[in-house]
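Chemist: Pasting a structure below so you can have a look.
The values are calculated or read from the model by the stated rules, or taken from the named source; none is laboratory data. Source: prediction; values computed, not measured. Because the Cβ atoms are built from the backbone with ideal geometry, glycine has one as well, and the counts that use them run over all protein chains shown.
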Amino acid sequence: MATETTHVVGSPVPRVDGPGKVTGEASYAADVRAEGVLWAKPLRSPYTHARVLSIDATRARALPGVHAVLTGDDLPPNSRWGRKTVDVPLLAQGVVRFPGEQVAVVVADDEETAERAVALIDVEYEELPAVTDPEAAMLADAPLIHPDVMTYDGLVKPLDAPSNVVCLFEWSKGDVDTGFKDADVIVEHTYTTPKVHQGYIETHNQLVQVDGDGRMHVWAPNKAPYTTRGQIARALDIPADSIVFHPVTIGGDFGGKGSPMNIPLGYYLSKAAGGRPVRMVLDYTEELLAGNPRHASTMTVRTGVKRDGTIVAHDVRIVFDSGAYAGFKPVGFLPGAAGAGGPYRVPHARVTEYMVYTNTVPCGHMRGPGEPQGLFALESQMDEVASELGIDPIEFRLMNLVADREPTALGHVFEQNRADQTVRAAVGAAGYSAPKTTLPSGALVGRGIAIGERAPGGGQNNARVSLEPDGSVVVHTPLFEQGAGAHTVIQQVAAETMGLPADRVRIQVEATGMFESDSGIGGSRVTNVGTIAANLAVKRAQDELFKLAAELDNWPEEQLEVHGDALVRTDTGESQPWTALLARTGAPVTGQATVTVGRDGPHVTGYTTQIAEVAVDPETGQVQLLKLTTAHDTGRIVNPMGHQGQINGGSMMGIGYGLLEELKAEDGHISTLSFADYKIPSIADIPELETVILETEGMGVGPYNIKAIGESPNAPTAAAIANAVADAIGVRIRDLPITAEKVYAALHP
């Protein structure tokens, strides 16, 4: 445990956003009231791939209460947005590329009128050849979904010719061909994962108004408003500072709320309605039909080993189904796919990622983008290799895990490596080696392990801190709270740095404009970068206080400190309330910090080891998760309650990925269009959850030695469950989710 004395950091401080959410006082985008607000509803394509020959909106425009109908023809040519790769049209312009793509939008007095008008729009289509399978889309004779892809801005790498493979990315170390020549045994398998939806409660929605000065005002649940306004400005060809995102509460995210979605379209809707505010709210059918779910994947893993268990080569080919567009991905590909290399000692390794266009719903980000897919393949493969060699899967992992400052399979170097200790802690807590018996019901018991690793996220965050004459401390932040507790950890760090109780620090969320830029929330960033910014901003505000003391009382700046409410001279021991100093001027002092953290060079990481225990009914194939043990290598925990909440929530998301969730489609058409068909875990699906924390002094980043927790708990879970099922029944399921039907089919071929 960390030994440095703290009074706020490390305490289970209640959530800053908690009271507003439980009382109903929190204001979400759909709650924002605006004078003269209108409603917008879209007409969506019924076709997988088609040319739009004509759109006749005459009847819709004639309906009383309709203010405007927009089609792609009403927008500037090539009106597109993208977080990195700019390929997402605001409205279909000449072609639709997936079922559910927006073809036209009606603006009306109310939602019902808008829906009635949508039904009056007549569209003539010409169906085009479609491809919904990414492997088929990669073939030379496959229909091109984006013939003009080479003209798109923001491609990760230039393309030699038009292709459905919008991005090919590779990580490597050594030479895999050489490595496989040295192998005694080569094991190769293919693993698949489905598309899954983030499952947040609040759907995508927005209120947009263009005022008389041409400023675009936005109320939307977007967790990266500064980044998003830049993407919108580029799409609309207007200055970024003419776009203002106003703070709202976000009703869940899990990666899905970082894209512009319909916000740039809202600009044209408001202008078409004479500058009136226009609201657009997706229902959940639209979310499941046309949101931005987690990517489906096909992963072929080839591993070469010596007979003693030494890994000598590891090669992974990952094909991700991008869906119809790539613009929902912040960097154009999925960095988490590198996790398929693993925290193992491998001299020759390669992970190759193919991002492939298909005529299906476009995919975006979900908690640890690419990581749960990669770890499912990697950790399933590790068990299969161990089985091939006749080595216990725990022993096999321990003998190959990297040590401190030793390069991983893909060459990443970490300080303070605790992989071994995390595995041993999980094994001990789970009772992994205890005897297993068949349950009275006849179900077979199995146990499985999986390991993950995630470094604290990088990026840019800002904070401005005001020390007020009334003794309060105000942290002005651009971060829109998305539910993970960002405001609470920032409050705690600011209070800790001041030496004050947490309730003396108030969080003030600011509209865009106070700062030049900010990365927002995501990538397990805020508890790292955001708290560094808050700490530094407090210290700069204190510096301004010291300058004021020097000016008013001739106290030496370099010998002053703030201890809670007191401004103290370290040379003489004299002190005075800093509020008394501010009362003499009647004004606050402020400090501002912008912190950018990269990922270059040796750095720390956090390991997660999970062990699942399952019971499988061999007669029906039903899988029951009895227990999930999750061990985490952490730095200092800022808020134990919030930290545990992240672990529990992430683990449940991993359980859903492993056993239940699948966004099913037939020829590109989503068939699970409600939560009656799309299953997510409920309270009835929660097994016994046991958490083991390895919190250690001095291991972490920033002034309080912090590590990441936001995304890591969900990444290894599906693999741990898959390994447990294989241990129970002796048959491997390589296709998520692991349903009773799949288990039954495997047991009764």
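Chemist: How many residues, within segment 685-727, are of a type in the set (A, V, I, L, M), within 23 Å of the chain's Cα centre (by Cα) and assigned to a loop (DSSP other than H, G, I, E, B)?
Modeler: Within segment 685-727, residues that are of a type in the set (A, V, I, L, M), within 23 Å of the chain's Cα centre (by Cα) and assigned to a loop (DSSP other than H, G, I, E, B) number 4.
Chemist: Could you list, in sequence order, the residues of segment 661-684 that are among the aliphatic types (A, V, I, L, M) and either over 22 Å from the mean Cα position of the chain (by Cα) or within 22 Å of Asn359 (Cβ to Cβ) (or both)?
Modeler: Those that are among the aliphatic types (A, V, I, L, M) and either over 22 Å from the mean Cα position of the chain (by Cα) or within 22 Å of Asn359 (Cβ to Cβ) (or both): Leu663, Ala665, Ile670, Leu673, Ala676, Ile683, Ala684.
Chemist: With the structure loaded, tell me whether Glu388 is more than 13 Å from Gly339 (Cβ to Cβ) and surrounded by fewer than 17 Cβ atoms within 10 Å (Cβ to Cβ) or whether it fails that test.
Modeler: So Glu388 fits the description; yes.
Chemist: May I pose another question? Please give the strands (runs of 3 or more DSSP E) falling wholly within segment 150-262 in which 2 or more residues are within 30 Å of Thr310 (Cβ to Cβ) and of a type outside the set (A, V, I, L, M).
Modeler: 165-173, 185-193
Chemist: Hey, another quick one. Of all residues in segment 693-720 being of a type in the set (Val, Ile, Thr) and surrounded by 19 or more Cβ atoms within 10 Å (Cβ to Cβ), which is farthest from Tyr607 (Cα to Cα)?
Modeler: The selected residue is Val701.
Chemist: Search segment 265-292 for residues that are touching a residue at least 24 places away in the same chain (Cβ under 8 Å) and pair each with any residue that is part of a helix (DSSP H, G or I) and aliphatic (A, V, I, L, M) when their beta-carbon atoms are under 6 Å apart and the residues are at least 6 apart or on different chains.
Modeler: Qualifying pairs under 6 Å: Tyr267/Leu236; Val278/Leu269; Val281/Ala30.
Chemist: Related question: Would you check which residues across segment 620-646 are over 29 Å from Arg732 (Cβ atoms) and either in contact (Cβ under 8 Å) with a residue 60 or more places away in the chain or surrounded by 24 or more Cβ atoms within 10 Å (Cβ to Cβ) (or both) and list them?
Modeler: Answer for segment 620-646, where residues must be over 29 Å from Arg732 (Cβ atoms) and either in contact (Cβ under 8 Å) with a residue 60 or more places away in the chain or surrounded by 24 or more Cβ atoms within 10 Å (Cβ to Cβ) (or both): Thr634, Gly635, Arg636, Ile637, Val638, Asn639, Pro640, Met641, Gly642, His643, Gly645, Gln646.
Chemist: To continue, here is another question. Against the definition (buried (at least 16 other Cβ atoms within 10 Å of the Cβ) and either modelled with pLDDT of 95 or more or of a type in the set (Phe, Trp, Tyr) (or both)), how does Val185 come out, yes or no?
Modeler: So Val185 does not fit the description; no.
Chemist: So in segment 69-112, with the set limited to residues that are surrounded by fewer than 24 Cβ atoms within 10 Å (Cβ to Cβ) and either in contact with a His (Cβ under 9 Å, 6 or more places away or on another chain) or not assigned by TED's automatic domain parsing to the domain that holds Tyr267 (or both), which one is farthest from Ala130 (Cα to Cα)?
Modeler: Ranking the candidates gives Asp109 first.
Chemist: Okay, next question. Being buried (at least 20 other Cβ atoms within 10 Å of the Cβ), touching a Gly at 6+ places or on another chain (Cβ under 8 Å) and under 30 Å from Thr596 (Cβ atoms) narrows it down to one of Gly485, Gly458, Gly499, so name that one.
Modeler: Gly485 is the lone residue from the list that is buried (at least 20 other Cβ atoms within 10 Å of the Cβ), touching a Gly at 6+ places or on another chain (Cβ under 8 Å) and under 30 Å from Thr596 (Cβ atoms).
Chemist: Criterion first (buried (at least 18 other Cβ atoms within 10 Å of the Cβ) and either in contact with a Cys (Cβ under 9 Å, 6 or more places away or on another chain) or under 30 Å from Glu496 (Cα atoms) (or both)) does Gly649 satisfy it?
Modeler: So Gly649 does not fit the description; no.
Chemist: So the check is Cβ under 9 Å with 6+ separation or different chains; which pairs have a first residue in segment 63-79 that's in contact (Cβ under 8 Å) with a residue 40 or more places away in the chain and a second one that's basic (Lys, Arg) and surrounded by fewer than 16 Cβ atoms within 10 Å (Cβ to Cβ)?
Modeler: These pairs meet every condition: Ala68/Arg61; Val69/Arg61.
Chemist: If you take just the helices (runs of 4 or more DSSP H) that sit entirely in segment 351-448, which of them hold at least 2 residues that are of a type in the set (Asp, Glu)?
Modeler: Counting at least 2 such residues, we get 371-389.
Chemist: For segment 506-565, which positions are part of a helix (DSSP H, G or I), buried (at least 18 other Cβ atoms within 10 Å of the Cβ) and of a type in the set (A, V, I, L, M)?
Modeler: Answer for segment 506-565, where residues must be part of a helix (DSSP H, G or I), buried (at least 18 other Cβ atoms within 10 Å of the Cβ) and of a type in the set (A, V, I, L, M): Val526, Val529, Ile532, Ala533, Ala534, Leu536, Ala537, Val538, Ala541, Leu545, Leu548, Ala549.
Chemist: On to the next question. Anything in segment 90-116 that is in contact with a helix residue (DSSP H, G or I) (Cβ under 9 Å, 6 or more places away or on another chain), in contact (Cβ under 8 Å) with a residue 60 or more places away in the chain and not polar (S, T, N, Q)? List them, or say none.
Modeler: Once the filter is applied, which keeps residues that are in contact with a helix residue (DSSP H, G or I) (Cβ under 9 Å, 6 or more places away or on another chain), in contact (Cβ under 8 Å) with a residue 60 or more places away in the chain and not polar (S, T, N, Q), segment 90-116 yields Leu90, Leu91, Phe98, Pro99, Gly100, Glu101, Val103, Ala104, Val105, Val106, Val107, Ala108.
Chemist: Go through (1) modelled with pLDDT of 95 or more; (2) within 30 Å of Ile647 (Cα to Cα); (3) surrounded by fewer than 16 Cβ atoms within 10 Å (Cβ to Cβ) one by one and return the number of the condition Pro602 breaks.
Modeler: It is condition (1) that Pro602 fails.
Chemist: Answer yes or no as to whether Ala409 is farther than 25 Å from Glu662 by Cα and touching a Gly at 6+ places or on another chain (Cβ under 7 Å).
Modeler: So Ala409 fits the description; yes.
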